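Below is one structure, written out as structure tokens; comments come after it.
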Amino acid sequence: MNKRYIIHFSDFHFDFKKQNGETEILESLIKDIKENCKDGKIILLVCSGDLVQSGSVENYERAIKFILDLLDKLSLDPKHFIYVPGNHEVDLKQVDKDFSKAFTERIMREGLSLEDIQKDNITKRLSSFFEYQKFFSEWPQEKLAFSKIIQCEDSTYGITMVNSAWNTAGNSEYEAKKIIIPRDFFIDSFQEIEACDKKILVIHHPIDWFEDYCALELENLVSKYDFVLFGHKHKENIVATLHMNESTLFVYSPKLDLSDNENGYTIIGFDDISSEVITNGRTYIKTRLAYAPSTSFSDDGLQHYTLLKNNSLKQLCANVIINTRSGFYQSLNSLFIVNLLNKDKGKSFDELFVSPEINKVEEINNENRSEDYHYSIADVFKDEDDVVFWGKKESGKTIYANYIAKYVYDNYQKVRKIPVVIDCQKLGNYKSAIEKMIVSTILDLIDSDKSIKKEEICTLLKNSFFVLILDNFDKNPKSKFLLDVFKENYPKNKIIIFKERKLANLSEQDKTAIENIDTKVPHVFFIDSMSKHGIRMLAKKLSDLNPSIEDGFIDKIIYSFSVNNIPRTPFAVSLILSICNEKGNYAPTNQAKILQAFIENILERLNPDEILTKTFNFENKERFLAQFSYFLFEKKTYHTSEEEFSAFTKKIP
């Protein structure tokens with residue numbers, strides 16, 4: 001008999017002060033498990049945290065009795081129960097909140113030591129959990145990750161249990177992104193089970209609750225497991241996703257809490273010969289006093305997966321994404337003009353970005369637009385076909401190009417490709433320019449303690465693991481030629497192109513020609529001008545930086561755009577909003593005046609002391625920038641080398 005089953009539940013929240021309905025649920029649960037596992041053997045019963053409402057002795061007594069009764073009815077040895085702590089396992093009576101906040105801030109700033117983990121103020125929070133854990137495992141409290149091996153006939157199952165709640169203090173909102181577990185704990189625990197036939201990681205908090213560096217290390221390690229079982233999300237239905245390496249299955253079990261209208265658990269079925277896995281989502285129906293299939297994914301509650309073994313290319317792709325992501329995220333903040341003026345109070349991409357509306361029909365053809373459908377970034381990735389974006393000058397094409405790349409990073413488990421944004425103006429004049437730019441971008445972004453070879457990047461290109469986002473495509477006359485060469489060498493990578501729309505300067509004949517230029521590209525989108533709602537959204541996001549931004553001022557800005565025929569672009573709006581706190585009555589008249597006011601503002605901020613000098617004032621700086629701009633214009637470029645810049649400055653009288 002090769003069929004094996006793991007019973008996975010989470011977030012029961014036993015509370016001795018309330019009726020949790022465990023008597024009602026126990027018999028139904030036993031009956032349902034036996035009925036759905038009768039053709040195989042149950043090897044594990046797993047609780048991924050929050051078995052109790054809080055870590056009091058009374059709650060544990062009630063919960064452990066339920067678990068022991070369940071194990072007995074299923075003929076399972078207690079050592080086959082896998083239980084990790086969640087934030088509710090913490091005994092709140094033992095939490096010193098003042099100490100806790102200061103402690104968390106210190107370890108976030110200075111790092112974590114073994115002494116920190118062993119402090120009384122920390123260990124006593126979960127002392128009851130570890131006392132009752134002895135029914136099932138001898139887990140030393142100082143080990144934040146602990147592994148055990150269970151033998152079942154000829155197969156071995158290695159389980160890593162993670163204590164992600166070791167420093168929680170009952171304030172979940174404050175603790176997000178602040179969970180720290182040093183990498184050594186994960187490495188040591190994995191090495192203890194590395195030779196097992198199946199490897200299972202059980203952890204309460206999802207990876208995105210960990211501090212960024214710890215999350216990165218954990219993401220690199222989870223792909224070595226067959227199953228990763230989470231809790232905490234309080235989902236009403238099972239959520240299971242296949243890691244992009246297609247060798248690891250993430251399972252977020254629904255909550256098993258009778259105090260809510262819906263609750264359930266998950267059965268994970270597999271065998272030791274094939275690579276097929278079936279998740280069976282079960283939901284309790286109170287009116288029937290019985291469990292039934294969870295129909296959120298399928299009518300029968302079943303989801304089928306195939307776990308591939310040793311898929312080195314997909315694992316390499318996952319490693320590149322995980323280890324270049326933080327470098328890419330850090331680069332995003334420099335895209336916003338307002339961050340140049342407010343370096344001390346600069347905001348992140350997510351805090352500033354306002355997504356433009358995108359459409360299949362241009363703004364000037366409103367009568368042909370569908371009012372009941374708004375396109376989103378998901379439409380860009382509904383298939384593997386190439387995409388072209390058209391946008392007016394300064395309509396936010398570059399920021400949207402980077403937003404697409406961020407979307408790919410954020411959803412890499414779904415998209416399963418590596419995003420690279422290339423400014424076509426910076427491409428060299430040689431056939432392999434795009435390939436070399438991709439390689440250099442990956443090498444620049446990858447974390448300093450990780451490495452990848454150029455040959456590995458080219459192998460991923462040959463196997464279509466990239467989304468290539470080409471910004472300013474029409475600004476380089478060689479772009480199309482270079483792209484054709486690239487696609488000949490590396491076909492089937494997804495290509496997304498950004499071009500500038502200049503219809504106002506064209507004849508009707510030319511406009512028709514442009515309308516037909518993208519007929520070979522399956523998907524063409526247009527980036528709209530900022531709407532009034534978009535301007536208000538951006539102003540709201542900037543309100544912390546510029547407190548003087550008020551509704552009346554925003555109305556005046558919107559009116560000025562109409563009266564002075566200024567295009568409603570993110571660039572122009574950002575410039576105005578970034579200087580309005582310096583000049584409260586500022587009213588734009590044209591883009592040249594807007595830019596002049598912005599340059600004056602930023603030059604003064606670069607060195608405020610120089611405002612008082614007579615030898616090098618704002619006008620000197622403005623003349624210098626004008627000469628430098630003309631120098632670039634003559635060279636027909638947007639950038640120059642350090643050597644060329646040095647030579648230019650020496651020629652200035």
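A few comments on the model shown:
- Once region 290-319 is narrowed to residues that are within 27 Å of C458 (Cα to Cα) and of a type in the set (S, T, N, Q), the residue that is modelled with the highest pLDDT is N319.
- Residues considered: I267, I322. Of these, the only one that is farther than 30 Å from I42 by Cα, at pLDDT 85 or above, surrounded by 19 or more Cβ atoms within 10 Å (Cβ to Cβ) and not acidic (D, E) is I322.
- Qualifying residue in region 499-521 (condition: modelled with pLDDT of 65 or more, surrounded by 12 or more Cβ atoms within 10 Å (Cβ to Cβ) and hydrophobic (A, V, I, L, M, F, W, C)): no
- Some residue of region 130-142 being within 19 Å of E211 (Cβ to Cβ), in contact with a helix residue (DSSP H, G or I) (Cβ under 6 Å, 6 or more places away or on another chain) and modelled with pLDDT of 90 or more: no
- Within region 43-57, residues that are within 7 Å of H13 (Cα to Cα) reach partners that are of a type in the set (A, V, I, L, M) and open to solvent by less than 10 Å² (accessible area, probe 1.4 Å) with beta carbons closer than 7 Å, at six or more positions or on different chains, in the pairs L51/A63; V52/A63.
- Of all residues making up region 270-285, the number that are part of a strand (DSSP E or B) and touching a residue at least 12 places away in the same chain (Cβ under 8 Å): 11
- Condition check for S127 on (1) part of a loop (DSSP other than H, G, I, E, B); (2) open to solvent by 30 Å² or more (accessible area, probe 1.4 Å): one failure, at (1).
- Scope region 143-179; condition open to solvent by 20 Å² or more (accessible area, probe 1.4 Å), aliphatic (A, V, I, L, M) and modelled with pLDDT under 95; matching residues: A176
- Residue check for L316: among the hydrophobic types (A, V, I, L, M, F, W, C) and open to solvent by 10 Å² or more (accessible area, probe 1.4 Å): yes
- Residue ID - surrounded by the most Cβ atoms within 10 Å (Cβ to Cβ), chosen from residues in region 439-450 that are of a type outside the set (K, R) and farther than 11 Å from V420 by Cα: I446
- Scan of region 446-489 for residues that are part of a helix (DSSP H, G or I), charged (D, E, K, R) and closer than 27 Å to H639 by Cβ, ordered by number: K454, D474, K475, K480, D484, K487
- Residue in region 364-377 that is modelled with the lowest pLDDT, counting only those that are open to solvent by less than 50 Å² (accessible area, probe 1.4 Å) and either touching a strand residue (DSSP E or B) at 6+ places or on another chain (Cβ under 7 Å) or not β-branched (V, I, T) (or both): R369
- In region 330-350 there is no residue that is closer than 30 Å to F12 by Cα, open to solvent by less than 40 Å² (accessible area, probe 1.4 Å) and at pLDDT 85 or above.
- Among the residues here, S147 qualifies as among the polar types (S, T, N, Q) and not in a helix (DSSP H, G or I).
- Pair list, Cβ < 8 Å and 6+ apart or interchain, from region 619-634 residues that are open to solvent by less than 100 Å² (accessible area, probe 1.4 Å) to residues that are not in a helix (DSSP H, G or I): F624/I652; Q627/I652; F631/T640; L632/Y638; L632/H639; L632/T640
- Scan of region 11-29 for residues that are open to solvent by 10 Å² or more (accessible area, probe 1.4 Å), in a helix (DSSP H, G or I) and not small (G, A, S), ordered by number: E22, T23, E24, L26, E27
- Qualifying positions in region 66-105 - among the aliphatic types (A, V, I, L, M), in contact with a Leu (Cβ under 7 Å, 6 or more places away or on another chain) and in a helix (DSSP H, G or I): L70, L71
- In region 242-256, residue modelled with the highest pLDDT [restricted to those that are open to solvent by 10 Å² or more (accessible area, probe 1.4 Å) and out of contact with any helix residue (DSSP H, G or I) (no Cβ under 6 Å at 6 or more places or on another chain)]: F250
- Scanning region 38-65 for residues that are open to solvent by less than 10 Å² (accessible area, probe 1.4 Å) and either in contact with a Lys or Arg (Cβ under 6 Å, 6 or more places away or on another chain) or part of a helix (DSSP H, G or I) (or both) yields I43, N59, Y60, A63, I64.
- The set of residues in region 430-445 that are touching a residue at least 24 places away in the same chain (Cβ under 8 Å), assigned to a helix (DSSP H, G or I) and among the basic types (K, R) is empty.
- Test: residue in region 474-491 that is exposed (fewer than 15 other Cβ atoms within 10 Å of the Cβ) and at pLDDT below 70: no
- Filter result (surrounded by 20 or more Cβ atoms within 10 Å (Cβ to Cβ), among the small types (G, A, S) and over 25 Å from the mean Cα position of the chain (by Cα)) within region 86-112: S100
- Checked across region 187-198, the condition of being open to solvent by 10 Å² or more (accessible area, probe 1.4 Å) and in contact (Cβ under 8 Å) with a residue 60 or more places away in the chain holds for at least one residue.
- Here K453 clears all of (1) touching a residue at least 12 places away in the same chain (Cβ under 8 Å); (2) open to solvent by 20 Å² or more (accessible area, probe 1.4 Å) except the condition numbered (1).
- Yes/no for D272 being surrounded by fewer than 19 Cβ atoms within 10 Å (Cβ to Cβ) and either farther than 19 Å from I6 by Cα or in contact with a Leu (Cβ under 8 Å, 6 or more places away or on another chain) (or both): no
The values are calculated or read from the model by the stated rules, or taken from the named source; none is laboratory data. Nothing here was measured: the structure is a model prediction, and the numbers come from that model. No Cβ is skipped: glycine too gets one built from the backbone with ideal geometry, and neighbour counts run over all protein chains shown. To get the accessible areas, we keep the full protein, side chains included, count just its heavy atoms, and leave off ligands, DNA and RNA. Shrake-Rupley method; radii C 1.70, N 1.55, O 1.52, S 1.80 Å.
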